[in-house]
Every structure is written in C-alpha cells, then in structure tokens.
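Contents: one structure, followed by commentary.
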Amino acid sequence: MAFIATLLIILPLGYAQGFINNAHALSPNSPPSSPPLAPALFVIGDSSVDCGNHTFLGKFSRADRLPYGRDFDTRQPTGRFCNGRIPVDYLALNLGLPFVPGYHGKPDSADDLIQGVNYASAEASIILSSGSELYSSLTQQIQRATETFQQIKLSMGEEAGARLISNSIFYISIGTKDYIRYYHHNASDPQSLYLPWSFNQLLIQGLKQEIVNLYDADVRKVVVMGLGPMGCAPYYIWRYRNKPGHCVEIMNDMIVEFNLALRYTIDELGQELPDAKIIFCDAFQSSMEIIENLHRYGFSVTEEACCGFGRHRAWIACASPEMACSNASNHIWWDQFHPTDAVNAILADNIWSGLHSTICYPMNLLDMI
C-alpha cells in the first residue's frame, strides 16, 4: 500500500511545474483569511504523497494522465497517484496553508519556498539500492530540503530563517518501495541479504539518521508515518491469489513489526533531542480500521481497485479513463497500490485530530501545534 512513512514540514502547497500551475486556479490556494497554524509544511516521501515530482523524471509509472486527478479540485491530473487529493493536501488546508508545491528543479526564489515544498517522488525509497533512484531517494530529498533551508536563511536572515524552520512541520511518508523490492524475488534484492527483522531495523536506522540530520538543520516538528497494509493492496491479493477477504498476512505481519519498532524509535528520539516534537502515526492501524469496518465509513468495495484491468483490477495498471469505475468514493483502493481520495481524507483526519481513530503517538498534529 502506498501509505508509507512520510516526513512533513509545513510550507505553501502546490504542484509540480506544469501540473502545479493549476494550483493558482484553486480556492485552497487563495490567501487564508486568518494566520496559518504553522508557517510552512515540508513533505518528504514516495507515491503516497507525491504531488507531481515523479512526472519530471520520465519514469514508466506516472499519474499525469486521466483518470488520475479526475476528482481533484481542477478535475485534471496533477501527478498525484490518486483520483483526488493526497493526505498532505488535507493537512495543509487544516493548517491554513495552500497546497504545497512540488520540487520541480530549482525554485525561482526563496519567496517561493517560505510556505513549504513537497520533495516526494513515487519511486523514492529509504535504501538506495542503485543509481536509478538517486534523484528521489530519502537521502537526496533531505539534501534538497537542507538546500532549501539555506536559501530561506540567506533571504530572511539566519535567526528569522531558523525560527521559521523550527516552527514549520516536516512530514515523512516513505518505505513502501523498499518493501516492494523486498518481496520481488531477485538474487540482488534485499530478501536474499536480510531476514525480515534485520531488514526492518535497516530501514528504521536509515530513517532515524535522516531525522537527526533534519534536527541539526533546525527542524523541530516532525510527523513520521508508519506503513500501511501493503498485503491488502489489490496487486498483492491478485499476485498471491488470496481468497476473498484475506490479505497477504506475511507482508502485513512484517509491516506491523516495522511500525512497532519505528514507533519505539520515534519515542526515543523525542526524548533524546531537546525541544523536538516528533510524532509517529500508524497508517496500518487507520487503514485496517477502514477495511474491517468499511460500511461504517461508507465503502462497499474493499479488494478491487477502482482503476485497472483483470482480477481485482490489479493485473494491468490504471492507464485510461475506460479502465476506471464510475464512483471511486465507495472504493478503498484507487489503483493497484494507492488508496482513493476518500481514504486519504480519513487518514488526514486521524493524523490531524484522531477524529475517527487515535493513530498518532504521543500526540496528534493538532496537539503538536
């Protein structure tokens, strides 16, 4: 599932160049009537929070064509792997910020960065296994964020820039790509090198170090997302030929272990780093609450994607409007791996205030700010 560990710092919202230009026509990007609850939102992650950056890498997997974006504010594709909004879009609005713009090459000026940047890219992973992910790896995204901070400080002055960064929110959602690679058997893949627990620890230590790097760059407020139930995604139910109503437990069990260990690590970091507010939000818990109580949340389709072809609409990826269902709002899954806008809205509510389910520890985002 593309609910993944996500880093988030708060700044203005928008989209990648071209697709992001549509943001200017959206009411969510109009100047807020009251001061925002945080000066900026910064986002680091993978396809769970990619707002269009991946489009500019020329990769095969893309979301810049309909039916992607058909239920978005502009009714046009933006590069988001969803029919509508992603979680950080909803969180930005709650914070009183516009949609966070994507990092699409070098920003024009520091003024374009003051309310935040989204660095996420669909193929991003925690572990850099080859040069193909160099542009969008976790390490590369953190490096781009620190470059952004330097530009802000040069523009505003060291003290004012550091104050803006420390009061902003950094949102991290990444890790799904690492597990996709782990479960795709290949002699060069991580599964041949690591047992599940060792692999989990490898990912967590990588995340921990990057959070410390952000702290050293004046970041103080961080939201770290756990992974969602990848084993319930239509692609893996199709691939493992599971019976109706059964997720791939071997995958979900590993993710539950990862989330528990990550939560413990985040708790430790919060105690070790002075003045830091770091929270862990369990996307797995939020998603399973929906899957196990789908009718309560207004859903009726849990295993079949809205867009795709074949069994569970998961054999062939979403590629044309003709492959999509007529109503995505009653589906949990939009495509092979990614949830619908409706699920993203519920996840954002839980991150923000625990509206439907308490998933963030030791506090939710609203409490943090």
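Coordinate-derived values only; no laboratory data. Everything numeric here is computed off the predicted structure, so don't read it as measured data. Heads up, the Cβs are rebuilt from the backbone with ideal geometry, glycines too, and the neighbour counts pull from every protein chain shown.
Structure above, values below:
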| item | result |
| --- | --- |
| Asp367 paired with Lys243, simple spin-label distance in nm, labels 7 Å along Cα-to-beta-carbon | 4.0 nm |
| For the stretch 233-319: Kirkwood Rh in Å [reciprocal of mean 1/r, alpha carbons] | 15.3 Å |
| Largest to smallest principal axis extent of the C-alpha atoms in the stretch 176-309, angstrom | 48, 43, 23 |
| Inter-label distance, nm, simple model (7 Å from Cα along the C-beta direction), Leu260/Asp111 | 5.3 nm |
| Calculated FRET efficiency for the pair Asn293/Gln201, C-beta based, R₀ 35 Å, to 0.05 | 0.60 |
| Projected label distance in nm at Val212 and Thr146, using a 7 Å step from Cα toward the beta-carbon | 1.3 nm |
